[in-house]
1. Select from segment 120-140 the residues that are within 15 Å of the chain's Cα centre (by Cα) and either modelled with pLDDT under 95 or among the hydroxyl-bearing types (Ser, Thr, Tyr) (or both) and list them in ascending order.
2. Which residue pairs have Cβ atoms closer than 7 Å, lie 6 or more positions apart in sequence or on different chains, and pair a first residue in segment 221-249 that is surrounded by 14 or more Cβ atoms within 10 Å (Cβ to Cβ) with a second residue that is of a type in the set (D, E, K, R)?
3. Could you list, in sequence order, all residues of segment 279-298 that are surrounded by 19 or more Cβ atoms within 10 Å (Cβ to Cβ), in contact with a Lys or Arg (Cβ under 7 Å, 6 or more places away or on another chain) and not aliphatic (A, V, I, L, M)?
4. What do you reckon, is residue 187 under 18 Å from residue 296 (Cβ atoms), at pLDDT 95 or above, buried (at least 22 other Cβ atoms within 10 Å of the Cβ) and more than 9 Å from the ligand (Cβ to nearest atom)?
5. Scan segment 152-181 and report the pairs whose first residue is closer than 18 Å to residue 113 by Cα and at pLDDT below 95 and whose second residue is small (Gly, Ala, Ser) and surrounded by fewer than 17 Cβ atoms within 10 Å (Cβ to Cβ), with Cβ atoms within less than 6 Å and a gap of 6+ or a chain change.
6. For residue 265, work out the one condition from (1) under 15 Å from the mean Cα position of the chain (by Cα); (2) in contact (Cβ under 8 Å) with a residue 60 or more places away in the chain it doesn't fulfil.
7. State all residues of segment 174-183 that are within 13 Å of the ligand (Cβ to nearest atom) and either surrounded by fewer than 20 Cβ atoms within 10 Å (Cβ to Cβ) or outside any loop (DSSP other than H, G, I, E, B) (or both); if no residue qualifies, say none.
Amino acid sequence: MFQQSIKGSVGKSLKPIVALRFNSSKVTPPPPQPPNSHNDTTHFGFKTVNKQDKEKLVGGVFSSVASNYDLMNDVMSAGIHRLWKHHFIKKLNAGKRPNSVEPLEFLDVAGGTGDIAFGLLANAEENFGDYESKMTIADINPDMLKEGELRYKKSKWSDSDRVEFLVQNGETMNKIPDNSKDVYTIAFGIRNFTNIQAGLNTAYRVLKPGGIFACLEFSQIDNPVLDYAYQAYSFSILPLMGQLIANDRDSYQYLVESIRKFPKQEEFKKMIEKAGFYVPEPGYENLTFGVAAIHIGIKI
Ligand SMILES: C[S@@+](CC[C@H](N)C(=O)[O-])C[C@H]1O[C@@H](n2cnc3c(N)ncnc32)[C@H](O)[C@@H]1O
């Protein structure tokens, strides 16, 4: 079942999986905490906020940037986010192989305006003649999904029933059954979660055995000189661009700060393993010196 699912879904780069380990560790629920203790707070960028408020604050950011999101991404990254996403899609190379019977069930979480979801469908068609696999685009923010739906209506998939949009919190995904998805992708979304480990545990829950978890996220640069230059660019230029182009400095300030707060590559890899995934060596792939990274996990 495991081998079949791998063969039927992802590219060669993920096939040579040996010495599979089964990590059966379950996440023990934390003991109850008194109100207002340290465990009731989290970060929202560099600010400390109550955990219960973060979802709303993040929602405010993405509702605010939704209509300019694609344009701003291009401007702020000089188009590099497109190269990263293209590489991510090609690396996964997912699609129903001609000798497989079942179409794939894709789930793109924090899917926003749909770059990854539509890219995956197009890749499956081009490389495998897969016109059957289905895509669920889930996002907590209806405004971001609305932008995705506008793109979908103009796309070649608009007449098919292959794409579904769902407003869902990636930490819980209560509309997605256990063991139901073949490929779970999340791009530039998980760092916004209040509880990242809960999001990873949920990814594990919804994937079928042998299913693939793939995350593209901003990460940390190892080289201190490059990191200094990158920080200088992100903290001074990006909020300013947000101000000038979208008249929204605060949202872009949050986006920059949230990148800084996201766990480093090794730490995030351990969190993926803690959720139960097998992480193939070398554990992650750095893009552009670690400005972003791809993490892959396989449900065993
Ligand atoms: C930076 S955008 C990325 C959109 C898209 N994946 C892309 O790569 O262009 C981050 C997305 O994460 C979504 N998001 C934030 N927290 C979420 C959560 N807890 N569950 C689901 N989506 C979430 C936001 O609404 C937003 O659409």
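1. Across segment 120-140, the qualifying residue is only 136.
2. Pairs that qualify, where the first residue is surrounded by 14 or more Cβ atoms within 10 Å (Cβ to Cβ) and the partner is of a type in the set (D, E, K, R), are 221/227; 239/249; 242/248; 242/249; 243/249.
3. 284, 295
4. Considered against the rule, which asks whether it is under 18 Å from residue 296 (Cβ atoms), at pLDDT 95 or above, buried (at least 22 other Cβ atoms within 10 Å of the Cβ) and more than 9 Å from the ligand (Cβ to nearest atom), residue 187 comes out as no.
5. Short answer, once both residue conditions are applied: none.
6. (2)
7. Matches in segment 174-183: 174, 175.
Per-residue answers, yes or no, for (1) surrounded by fewer than 24 Cβ atoms within 10 Å (Cβ to Cβ); (2) closer than 28 Å to residue 194 by Cβ; (3) within 16 Å of the ligand (Cβ to nearest atom):
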position: 103; (1), (2), (3): yes, no, no
position: 109; (1), (2), (3): no, yes, yes
position: 113; (1), (2), (3): yes, yes, yes
position: 118; (1), (2), (3): yes, yes, yes
position: 122; (1), (2), (3): yes, no, yes
position: 128; (1), (2), (3): yes, no, no
position: 149; (1), (2), (3): yes, yes, yes
position: 153; (1), (2), (3): yes, no, no
position: 160; (1), (2), (3): yes, no, no
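The values are calculated or read from the model by the stated rules, or taken from the named source; none is laboratory data. Bear in mind that the values here come from a model prediction, so they are computed numbers and not experimental data. Cβ atoms come from the backbone with ideal geometry, glycine included; neighbour counts cover every protein chain shown.
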